[in-house]
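**Student:** Right, I'll just put the structure down here and ask away after.
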Amino acid sequence: GLERIGKNAFLGCSALRSVSFPPSLKYIGSEAFAGCEELADAQFSNPRINIQEDAFDGCIFDLNSLQDSAASPAEYFELKVDRKNIAKILAYTGDEEVVVIPAMIAGHPVASLEKGCFKGNDTVREVYIHDSIGAMNGDVFKDCVNLEKVHISNAVTKFTATAFAGCTALSEVNIPDSMTDVPRGLFKDSPLNTVYIGKGVKTLSPDA
């Protein structure tokens with residue numbers, strides 16, 4: 001049931017080599033593991049922990065290593081990070097055809113994709129969104145004319161109706177279990193041939 005590891009909790013524990021954090025953990029404080037110079041391995045069950053930026057100063061372990069090795073490079077994402085160390089993706093600036101959005105970017109847990117973060121991108125063809133990311137806001141994929149396939153996070157609960165406006169190549173998409181309603185006209189521009197509808201969906205609005 002541990003939820004918090006406070007400031008300086010393991011400061012200077014120079015023999016510590018490995019640590020495994022429980023899923024209940026929500027917060028790791030400033031310099032909590034600083035100076036643990038042999039600490040090379042940290043296992044996180046919950047990717048949305050609020051980790052202070054200097055929590056692992058002086059360790060072999062690097063927060064950037066939490067980013068999935070298959071994920072798109074951190075430098076391709078423009079982030080806004082709040083006081084709790086939680087990130088929102090404001091824009092994707094890369095040139096990949098297949099984009100993999102991880103739970104953690106540059107040591108920051110990712111909470112959402114913000115309005116228009118892929119808007120007008122004509123390179124991306126597939127997007128995979130980690131299942132811990134809980135929100136897709138505004139015209140997130142508007143006018144992505146070559147987007148063919150999207151794996152939507154199972155934590156997303158709603159879309160705006162214009163999320164996929166102008167996605168004239170979108171052929172495969174999933175409606176996650178966490179959604180209850182599919183808004184009017186959500187896929188009106190998309191030549192879908194495969195749709196996975198989640199178990200939580202109760203309403204398909206007219207012209208969805």
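**Student:** Do we have SER132 as touching a residue at least 60 places away in the same chain (Cβ under 8 Å), open to solvent by less than 40 Å² (accessible area, probe 1.4 Å), in a loop (DSSP other than H, G, I, E, B) and farther than 22 Å from THR93 by Cβ here?
**Tutor:** Yes: the conditions hold for SER132.
**Student:** Pick out the one residue from ALA40, ALA91 that is in contact with a Cys (Cβ under 8 Å, 6 or more places away or on another chain), at pLDDT below 90 and not aromatic (Phe, Trp, Tyr).
**Tutor:** ALA40
**Student:** Which number in (1) in contact with an Asp or Glu (Cβ under 8 Å, 6 or more places away or on another chain); (2) open to solvent by less than 10 Å² (accessible area, probe 1.4 Å); (3) of a type in the set (S, T, N, Q) marks the one condition that SER112 misses?
**Tutor:** (1)
**Student:** What single numbered condition from (1) over 21 Å from GLU172 (Cβ atoms); (2) open to solvent by less than 10 Å² (accessible area, probe 1.4 Å); (3) in a strand (DSSP E or B) fails to hold for VAL127?
**Tutor:** All conditions pass for VAL127, except number (1).
**Student:** Right, something else. Can you tell me which residue is nearest to the chain's Cα centre (by Cα) among those in segment 149-168 that are open to solvent by 30 Å² or more (accessible area, probe 1.4 Å) and closer than 16 Å to GLU126 by Cα?
**Tutor:** Once the filter is applied, the top-ranked residue is HIS151.
**Student:** I've got another one for you. Output the strands (runs of 3 or more DSSP E) that fall wholly within segment 149-205 and possess 1 or more residues being touching a strand residue (DSSP E or B) at 6+ places or on another chain (Cβ under 6 Å) and under 19 Å from PHE118 (Cβ atoms), or say none. Show your work before the answer.
**Tutor:** Details: elements: 149-151, 172-175, 194-197.
In segment 149-205, the matching strands (runs of 3 or more DSSP E) lie at 149-151, 172-175.
**Student:** From the list ASP189, ASP181, which residue is more than 15 Å from ILE152 (Cα to Cα), of a type in the set (Asp, Glu) and open to solvent by 40 Å² or more (accessible area, probe 1.4 Å)? Walk me through how you get there before you give the answer.
**Tutor:** On the way: ASP181 fails: more than 15 Å from ILE152 (Cα to Cα).
The conditions single out ASP189.
**Student:** I've got another one for you. Can you tell me which of (1) modelled with pLDDT of 85 or more; (2) at negative phi is the one PHE61 doesn't meet?
**Tutor:** The number of the failed condition is (1).
**Student:** Another question, if that's okay. Can you find, within segment 135-148, the residue that is nearest to LEU192 (Cα to Cα) among those that are part of a loop (DSSP other than H, G, I, E, B) and open to solvent by 10 Å² or more (accessible area, probe 1.4 Å)? Please lay out each step first, then the result.
**Tutor:** We begin by selecting, within segment 135-148, every residue part of a loop (DSSP other than H, G, I, E, B); these are 137-148.
Subsequent filtering for residues that are open to solvent by 10 Å² or more (accessible area, probe 1.4 Å) retains 137-139, 142-143, 145-146, 148.
Values: ASN137: 22, GLY138: 21, ASP139: 19, LYS142: 16, ASP143: 16, VAL145: 13, ASN146: 13, GLU148: 9 Å.
Of everything passing the filter in segment 135-148, GLU148 is nearest to LEU192 (Cα to Cα).
The values are calculated or read from the model by the stated rules, or taken from the named source; none is laboratory data. Just so we're clear, the structure is a prediction, and the values are computed from it rather than from any experiment. Backbone-built Cβ (ideal geometry, glycine too); neighbour counts: all protein chains shown. Surface accessibility is based on the protein's heavy atoms, side chains included, excluding ligands, DNA and RNA. Shrake-Rupley method; radii C 1.70, N 1.55, O 1.52, S 1.80 Å.
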